1. With a point put 7 Å past each Cα toward its Cβ, work out how far residue 161 is from residue 45 in nm, to one decimal.
2. Using a Förster radius of 30 Å, what is the FRET efficiency between residue 56 and residue 82 based on their Cβ-Cβ separation? Nearest 0.05, please.
3. Using helices alone, what [θ] at 222 nm do you get for the chain, with -39,500 (n - 2.57) per DSSP H run of 4 or more residues, divided over all residues and rounded to the nearest 500?
4. Out of 42, 108, 65, whose Cα points farthest toward the positive end of the dipole of the chain (charges: +1 Lys, Arg; -1 Asp, Glu; placed on Cβ)?
5. With viscosity set to 1.567 mPa s and temperature to 4 °C, compute the Stokes-Einstein D of segment 2-105, Rh being the Kirkwood radius across alpha carbon pairs; µm²/s, no decimals.
6. Find the lysine pairs in segment 2-105 meeting two conditions, Cα atoms under 24 Å apart and a separation of 8 or more places or different chains, and report how many there are.
7. When the chain is treated as a GNM, springs tying every alpha-carbon pair under 10 Å, which of 154, 94, 53 comes out with the largest mean-square fluctuation?
8. Report the extension gain between residue 22 and residue 132 in nm, rounded to one decimal, defined as 0.36 nm multiplied by the number of residues separating them, less their alpha carbon distance.
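Values in this text are rule-based calculations from the coordinates and carry no lab data. All values reported here derive from a predicted model rather than from experimental measurement. Note: ideal-geometry Cβ built from the backbone for every residue, glycine included; neighbour counts use all protein chains shown.
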Amino acid sequence: MSEVKADLGIKYLMRIYEDCQQTSGIFPCLKKKAILFFDRAARMESIPLFDGVDIVKSYEPGVPPISENEIDAHLPRGLGSKDDTLSAMLWDKVAAFANSRTIQFSLPKMSGEELNRGVEEGRGKMKKMMGMMMMGGAMKLAAMIPLAIAGLFVLAGKALIVSKVTLI
């Protein structure tokens, strides 16, 4: 099912790209499409990302819906200023979308019996792993013994040097 959605998404993006290639400027066209995308997304109540995670509208952004004709009507005539205006409009739409949304995590629903069974299984595994964990701690301590001996040798050498210096 997700492969079908991914294929549809790629086909949709390719169609938008082909539409924009036929216009005079590809980047202004893509920016217009992105503005319209964020405008439509801002009107949606919930956008599911994947199982258990949704982007949910927390409040109404207060920006009225806009059409492609209205975007064209607001644009200046110069190409450079048109691109700057489209960039500013796009960033305004992205900011309005991001400010009006929250990410919602949903935990899976489980009964008390399932939860109890999970806890009991975890305890059983813990009993089996406790011996290995204790052996790991013992091995760590065994590895520290040579370091402690080396520290004693350094301390003894320092004491020897200090005692020779005081005799001179």
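1. 7.7 nm
2. 0.30
3. Per the formula, -25500 deg cm²/dmol.
4. Final value for the positive-end residue is 108.
5. 85 µm²/s
6. Total qualifying Lys-Lys pairs in segment 2-105 comes to 18.
7. Result: 154 has the largest fluctuation of those listed.
8. 32.9 nm is the gain from fully extending residue 22 to residue 132.
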